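Novice: Sending over a structure as structure tokens; questions will come in a sec.
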Amino acid sequence: MGAILMSFDTYESPLALRNASKEMLRLFSARHKFGLWRRLWLELARCQRELGLTRISAEALSQMEAALDEIDFAAAAEWERRLRHDVMAHLHTFAQAAPAAREIIHLGATSQFVVDNADLIIMRDGMKLLAVWLANAIDALGHFALKWKELPTLAYTHFQPAQLTTVGKRAVLWAQDLAIDLEELEYRIANLKFRGAKGTTGTQASFLALFDGDHAKVDALDRMLTERFGFAQSFLVTGQTYPRKVDSQIICGLAGIAASVHKFCNDIRLLAGLKQIEEPFEEEQVGSSAMAYKRNPMRCERATGLARFVLSLVNSPLQTAAEQWFERTLDDSANKRLSLPEAFLATDGCLQIVTNVARGLVVYPQTIRAAVMAELPFMATEEILIAAVRGGGDRQKLHELIRRHSQAAAQRVKQEGAGNDLLDRLAKEPAFPKINFSEIINPAKFIGRSPEQVERFLGEIVDPIRHKYSHKLGLVTELCV
């Protein structure tokens, strides 16, 4: 992950230092945001000139374009100290860099023209980055599932042994959660609307005045800007801002990813405790400062912690949407500057961990088999009963024998810590002649259609995702300590 240089005398966000990727950090950086503001101002002026505003000169556009990435942050800070307004501070700074455009920058616009439209662009591009990480995680789990599609393992309900499944079948359940999240994310990306050029309270009155009452040109301006920034459509109506419900919908989507991450990582932590499956553990990695033998699942623990943080952020944008007064209040700004970037950064960190863990999962087949065989005699009693009845036995008498021996075997396991001797007990009973117990309790007979389900899921769900994101698979994950 993309660590940055620390300043040891001030607080630094762990999301930036330890978790988020360089690409996600760049998206939410000040340089990228204010660069987008300048690009929005430039395209606004270009579109206005193309629609007939001759006062916007070619020289003004040329100077604006040349200064897009030459941001004087010190000057902007000084302007903001004086004006107490971040948009006006950067407007003045841009005007200093492009003096020919001073009189036409921001013409007809409101602050939210740059702020909101830039936020929408950043969130769209952030969701695209997360979609790529989801695809990588799904791909990794798909490879793991295929390798272990036939290995029987205990399935658990209520964290109590139930019937059998396979290691691969469990893995596609994890992958399915992430595939659902990817589908939701792709929907949000495809249907995200631009704010466009709507004016101070969304009435477009300022633009209507600029174009001398020509409604068609006002519509054309909005449409041109929307298309040039890569959006299929803009909101038909807004107040001063785009609807804040959009933020809540996006964060809920990220929270869905966080829930899937939490489920996967919790399962791996439980499996590690059972000594069946572990996350990668490096040669010199230390699990505990006191207990040298420990192999703590620290990656999955970090991911569940980050996931809980994302889940906790869902409430903020919902409250912001609920508490907007009429066309807009300013109390959303401080909250948005925290909740939106941090939700993206934390989700980004979660998915890198999931991808890293899924690619390096360590399976212990013998431990898994031992756990299966310790429980399978109980699970096989119905098959034993049917086989004995087919051999001519009395179903009710056989059932009572199995019940009595099962209780005794369970008591031995729980109170004495001994092995499960149910099959030995039944083999000594004359009522169970000619029964091949070893054949009946073959674990492969109890996994149902698990291998077939794995293959079908890979073919119908994972392979199309792999095809769609083929040029983005294999991203390198380098986790910070």
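Coordinate-derived values only; no laboratory data. Remember, predicted model here, so these are calculated numbers, not experimental data. All Cβ positions, even for glycine, are placed from backbone atoms using ideal geometry, and neighbour counts span all protein chains on display.
Novice: Sorted by mean Cβ packing within 10 Å, highest first, what order do the peptides 355-362, 424-431 take?
Specialist: In descending order of packing, they fall as 355-362, 424-431.
Novice: Normalised by the residues of the chain, what does the relative contact order come to in percent, with Cα pairs under 8 Å and at least six apart?
Specialist: 19
Novice: Report the FRET efficiency, 1/(1 + (r/R0)^6), for residue 467 and residue 70, where r is their Cβ-Cβ distance and R0 is 51 Å, rounded to 0.05. If you can, show how the numbers build up before the last one.
Specialist: Values: r = 41 Å, r/R0 = 0.81.
The calculated FRET efficiency here is 0.80.
Novice: log₁₀ I(q)/I(0) of the stretch 20-101 at q = 0.12, 0.17 Å⁻¹, via Debye over equal Cα point scatterers, no solvent, to two decimals?
Specialist: Taken in order of the listed q values, log10 I(q)/I(0) reads -0.39, -0.71.
Novice: What are the residues whose amide H is under 5 Å from the amide H of residue 194, where those residues sit 5 or more places off or on another chain and H is modelled from the backbone?
Specialist: When sequence neighbours closer than 5 places are left aside, the close amide H contacts are 233, 234, 235.
Novice: Rounded to the nearest angstrom and ordered from largest down, what semi-axes does the equivalent ellipsoid of the stretch 68-115 get from its C-alpha gyration tensor (root of 5λ)?
Specialist: Values: eigenvalues 49, 40, 17 Å².
Values for the stretch 68-115, descending: 16, 14, 9 Å.
Novice: Sticking with this one: Taking every eigenvalue of the Cα gyration tensor of the stretch 381-440, multiplying by 5 and rooting it, what semi-axes result, largest first, whole Å? Write out the running numbers ahead of the final one.
Specialist: Numbers: eigenvalues 92, 29, 14 Å².
Square roots of five times the eigenvalues give 21, 12, 8 Å.
Novice: Now for a different question. Full extension from residue 478 to residue 100: what is 0.36 nm times the residue separation minus their Cα-Cα distance, to one decimal in nm?
Specialist: Once the chain is fully extended between residue 478 and residue 100, it gains 131.4 nm.
Novice: Oh, and also: Can you pull the one-decimal nm distance between simple spin-label points at residue 364 and residue 449, each 7 Å off the Cα toward Cβ?
Specialist: Label-label distance for residue 364 and residue 449, simple model: 3.4 nm.
Novice: Tell me, 469, 156, 11 in order of fewest to most beta-carbon neighbours within 10 Å?
Specialist: 11, 156, 469
Novice: Each label point is 7 Å from the Cα along the Cα-to-Cβ direction; what then is the distance between the points at residue 77 and residue 295, in nm?
Specialist: Output for this residue pair reads 4.9 nm.
Novice: Obtain the nm distance between the two label points defined at residue 438 and residue 312 by a simple spin-label model: each point lies 7 Å from its Cα along the Cα-to-C-beta direction.
Specialist: 5.6
Novice: If each Cα of the chain is one equal point scatterer, what is log10 of I(q)/I(0) from the Debye formula at q = 0.06, 0.09, 0.13 Å⁻¹?
Specialist: Taken in order of the listed q values, log10 I(q)/I(0) reads -0.42, -0.74, -1.18.
Novice: I've got another one for you. Near the amide H of residue 162, under 5 Å away, which other amide H atoms are found, from residues 5 or more places off or on another chain, if H is placed in the peptide plane?
Specialist: Excluding prolines and chain starts, which carry no amide H, the hits are 155, 156, 157.
Novice: How long is the gain from residue 191 to residue 203 if the chain were fully straight, where each residue apart is worth 0.36 nm and the alpha carbon distance is subtracted?
Specialist: Working: separation 12, 0.36 × 12 = 4.32 nm, distance 2.30 nm.
Fully extending the segment from residue 191 to residue 203 adds 2.0 nm.
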